[in-house]
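Student: Pasting a structure here, questions to come.
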Amino acid sequence: MIGDWLDIGPISQIEAGTARTLPVEGGEEIAVFHTMRNEFFALRNKCPHKQGPLSQGIVHGDVVTCPLHNWNISLRSGKALGDDEGCVPTIPLKVDAGRIYLLRSAVIGTGETDTAQTRAAA
Ligand code: FES
């Protein structure tokens, strides 16, 4: 349902400069990032190059460097920066009263199959 937000827990669960992953039943894993500037972003946990786990990359500014071949991915847009080309889907995220919320329709709407279970597991 559009406009419906999924509570994935307190912001304190993600240390600044790191990311946590959120498994999605029937969909693709999401990486939730907490930057050193105290911003939060959510992206599919797959590098647009060869699907490296972006959650394990190094976060600097609003960019993550993929752990596999060092592509730089914008956390804001999901786009590869510099000479590299590609884009990973971003998930709308908001922080409210110290908790992180993801747009439910984005979490469940871009999974690999339409018919799979659509419940997100925190
Ligand atoms: S898989 Fe991310 S840079 Fe190659």
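Student: Can you tell me which condition F33 does not meet? The list is (1) within 16 Å of the ligand (Cβ to nearest atom); (2) surrounded by fewer than 14 Cβ atoms within 10 Å (Cβ to Cβ); (3) of a type outside the set (V, I, T), and all the others hold.
Tutor: Among (1) within 16 Å of the ligand (Cβ to nearest atom); (2) surrounded by fewer than 14 Cβ atoms within 10 Å (Cβ to Cβ); (3) of a type outside the set (V, I, T), F33 violates only (2).
Student: Looking only at region 71-110, filter to residues that are out of contact with any Phe, Trp or Tyr (no Cβ under 9 Å at 6 or more places or on another chain) and basic (K, R); which one of those is farthest from the ligand (Cβ to nearest atom)?
Tutor: R99
Student: Checking the condition surrounded by 18 or more Cβ atoms within 10 Å (Cβ to Cβ), modelled with pLDDT of 95 or more and of a type in the set (G, A, S), which residue from G52, G61, G86 passes?
Tutor: Being surrounded by 18 or more Cβ atoms within 10 Å (Cβ to Cβ), modelled with pLDDT of 95 or more and of a type in the set (G, A, S) holds for just one of G52, G61, G86, which is G52.
Student: What's the number of the condition I73 fails, among (1) more than 19 Å from D4 (Cα to Cα); (2) at pLDDT below 95; (3) aliphatic (A, V, I, L, M)?
Tutor: Looking at each condition in turn, I73 falls short on (2).
Student: Which residues, counting only those in region 53-70, are in a loop (DSSP other than H, G, I, E, B) and either away from the ligand (no atom under 13 Å from the Cβ) or under 21 Å from A106 (Cα atoms) (or both)?
Tutor: P53, G61, D62
The values are calculated or read from the model by the stated rules, or taken from the named source; none is laboratory data. Source: prediction; values computed, not measured. Neighbour counts run over all protein chains shown; Cβ positions are idealised from the backbone, glycine included.
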